[in-house]
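Notes follow the structure.
The values are calculated or read from the model by the stated rules, or taken from the named source; none is laboratory data. It should be emphasised that the depicted structure is a prediction, and the values quoted were computed from it without experimental measurement. Neighbour counts are summed over all protein chains in view; Cβ atoms, including those assigned to glycine, are modelled from backbone coordinates with ideal geometry. For accessibility, only protein heavy atoms count, side chains too; no ligands or nucleic acids. Shrake-Rupley method; radii C 1.70, N 1.55, O 1.52, S 1.80 Å.
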Amino acid sequence: MSGSEFRSFMPRALALARAAADAGEVPIGAVVVRDGQVIAEAHNSPRADHDPTAHAEILAIRRAAQALGDERLTGCELWVTLEPCAMCAGAIAHARIARLYYAASDPKGGAVEHGARVFEQPQCLHRPEVYTGIGEAESADLLRGFFRDRR
């Protein structure tokens, strides 16, 4: 893929988020891509897995590392439907993700542009390029609908 070509993988991440909602999980989906190819994907599953760390980003990063046989995901992109929390931002830094794309901001739990701002800390080992807003309206609608239906 040349530098002038751009392909969004947010539609796939949003489909995964819808699958999470259908499973009763908070609707967040994540896709790891390298050289225009999907390496791994996941959606939130802490309830189903009985694992508080089973966020979409963590699961997708784990699967990508296994698929590539390397704990460093150099050159990979992560597409996720919501601003990563501090745990996930830390994992993104440790995995050496090159580019992070996220749809909706999360003023309550996000840690990229809100809260801890993990990538801005001097202790952060790696800072990915960050792009926001792709698919933001659809992601925000999915999240609002999910929580509205549970009230």
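Taking every protein chain into account, the accessible area of the range 1-122 amounts to 45 square angstrom per residue (probe 1.4 Å).
Amide H contacts of LEU100: LEU78, GLU129, VAL130, TYR131, each under 5 Å away and 5 or more positions distant or on a separate chain (H built 1.01 Å from N in the peptide plane; Pro and chain starts excluded). Rounded to the nearest 20, the Cβ-based charge dipole of the chain about its Cα centre (Lys and Arg +1, Asp and Glu -1) stands at 160 debye. Each Lys and Arg adds +1 at its Cβ and each Asp and Glu adds -1 at its Cβ; summed about the Cα centre, the range 47-130 shows a dipole of about 80 debye.
The alpha carbon gyration tensor of the chain gives principal lengths a ≥ b ≥ c with a/c below 1.5, which makes the shape rounded.
Taking all protein chains in place and a 1.4 Å probe, what share, in percent, of the accessible surface of the range 91-151 do carbon and sulfur account for?
Working: 1750 of 3560 Å².
Accessible surface attributable to carbon and sulfur in the range 91-151 totals 49 percent.
Ranked by the mean number of other Cβ atoms within 10 Å of their residues, highest first, the peptides 80-93, 129-142 fall in the order 80-93, 129-142.
Relative contact order for the range 15-151 using alpha-carbon pairs under 8 Å, separation at least 6, rounded to a whole percent? Working shown, then result.
Details: 297 pairs, mean separation 26.6, N = 137.
Here the relative contact order equals 19 percent.
Shown in residue order for the range 53-65 are the 3J(HN,Hα) couplings computed by the Karplus curve 6.51 cos²θ - 1.76 cosθ + 1.60 at θ = phi - 60°: 8, 7, 6, 3, 5, 4, 5, 5, 5, 4, 5, 5, 4 Hz (x for Gly and Pro). Using the basic label-point model (7 angstrom from Cα toward the beta carbon), what is the GLN123 to ARG47 distance in nanometres? The two pseudo-label positions are separated by 3.3 nm. Dipole orientation for the chain: of the candidates HIS50, CYS88, GLY135, HIS50 has the Cα lying most toward the positive pole (charges on Cβ; Lys, Arg +1; Asp, Glu -1). Phi-derived couplings, Karplus 6.51 cos²θ - 1.76 cosθ + 1.60 at θ = phi - 60°, listed residue by residue for the range 90-102: x, 5, 4, 5, 5, 7, 6, 4, 6, 9, 10, 10, 9 Hz, with x used for Gly and Pro.
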